[in-house]
Each structure stands twice: as C-alpha cells, then as structure tokens.
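Have a look at the structure below before the remarks.
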Amino acid sequence: MTAQTWRQFGDGPLSRGAAHVYTLLVVGVLLVATTLPGLVPLVLLGSDVSNLPLVAACLLPVGPAVSAALYALRHQRPDLTDLRPAALFLRGYRANLGGTLRIWVPLLAWLTVVAVNLANLAAAAVP
C-alpha cells in the first residue's frame, strides 16, 4: 500500500498566484498613494507652455515612489506566509529617498529645460 502525501494548504499554484496578485495590488495602491500629492495639482494645471516647470515640480514624488515599488517587488520573499509588501515598500521608500532625489531632481530639471526649449523653438534659436 502506498502512502498518500497531501499538500498543505497554501503551497499550490493558486495560492502562489493569489500571493503575487496581492503583492502587485498593494504595491500599486501604495505607488498611487505616494504620487497622489503631485498628481492632483498636475491634473488641475492647464495645458500651457509656461506650466512646464510646475509639471516638473508635480512629478517630484514619482521618482522615489517608483524606486520604492521596485524595491518592494524585488525583495519579496518566496515564502507565501510572509506577505508584507507594504512594509517592504515603506522600507524601500525610506532607504532610497535621498539617493533617488539626487538623481531625479537634476533629471527633471534637465528635461524641463529641454521641454521649454522645444516648446519655444522659434525663440530659442535652435536650428
């Protein structure tokens, strides 16, 4: 007689899929929540060229939020009983905030200068 081995609850493909969906859902909600202070004024801005510096200022929270989301997704443990994507997101946000802003702020400033020059191409005297 052969002994039957029963799988324990929570180690099948449905459980793994549900854990991945849960992780992506929580990280997505936190990503939207951390970028919301910049996205709300961005929606209220008019579509004028003079608003490009304000658009760059509204996009400042996006860099650290994306960095924290990538950190949370990268450092997720394979253990299905240890689902804590919010804690990983917040840890990544705190750990990467300074380094991300050191890269993100000059990049946004440079892109703003390029966008203003392209928007005012005739006045910029660019061939």
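What follows draws every value from the coordinates through simple rules; no lab data is involved. If you're wondering where the values come from, they're calculated on a predicted model, not measured in any experiment. Cβ: placed from backbone, ideal geometry, glycine included. Neighbour counts: every protein chain shown.
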Spatial separation of Cα centroids for segment 10-62 and segment 88-127, in angstrom = 17
Positive-end residue of LEU30, LEU42, LEU52, charge dipole of the chain with Cβ unit charges = LEU30
Computed magnitude of the charge dipole of segment 43-102 (debye, nearest 20; Cβ of K, R +1, Cβ of D, E -1) | 260
Once both labels are modelled 7 Å past Cα along the beta-carbon direction, what's the LEU36-ASP79 spacing in nm?
-> 3.2
Can you list the residues, at least 5 places off or on another chain, whose amide H is less than 5 Å from the amide H of LEU60, using H built in the peptide plane?
-> none
Under DSSP loop assignment and at most 13 Cβ neighbours within 10 Å, longest chymotrypsin sites (Phe, Trp or Tyr not before Pro)-free interval of the chain | 10-127
On Cα atoms only, tilt of 85-119 relative to the major axis of the chain in degrees = 30
So what is the relative contact order of the chain, in percent, for Cα pairs below 8 Å that sit 6 or more residues apart?
-> 27
Short version: ³J(HN,Hα) in whole Hz for each residue of segment 54-64, in order, from phi by Karplus 6.51 cos²θ - 1.76 cosθ + 1.60 (θ = phi - 60°), x for Gly and Pro, what are they?
-> 5, 4, 5, 5, 6, 8, 4, x, 5, x, x
Based on Cβ point charges of +1 for Lys and Arg and -1 for Asp and Glu, what charge dipole magnitude is obtained for the chain about its Cα centre, in debye rounded to the nearest 20?
-> 340
In whole Hz, the Karplus estimates of ³J(HN,Hα) for segment 19-30 (6.51, -1.76, 1.60; θ = phi - 60°; x where Gly or Pro) are 5, 5, 5, 4, 4, 5, 5, 5, 5, x, 5, 5
Helix-only [θ]222 nm of the chain, DSSP H runs n ≥ 4, -39500 (n - 2.57) each, per residue, nearest 500 = -24500 deg cm²/dmol
Please name whichever of LEU83, TRP110, LEU70 sits farthest to the positive end of the charge dipole of segment 52-127, dipole taken about the Cα centre and charges placed at Cβ: Lys and Arg +1, Asp and Glu -1.
-> LEU83
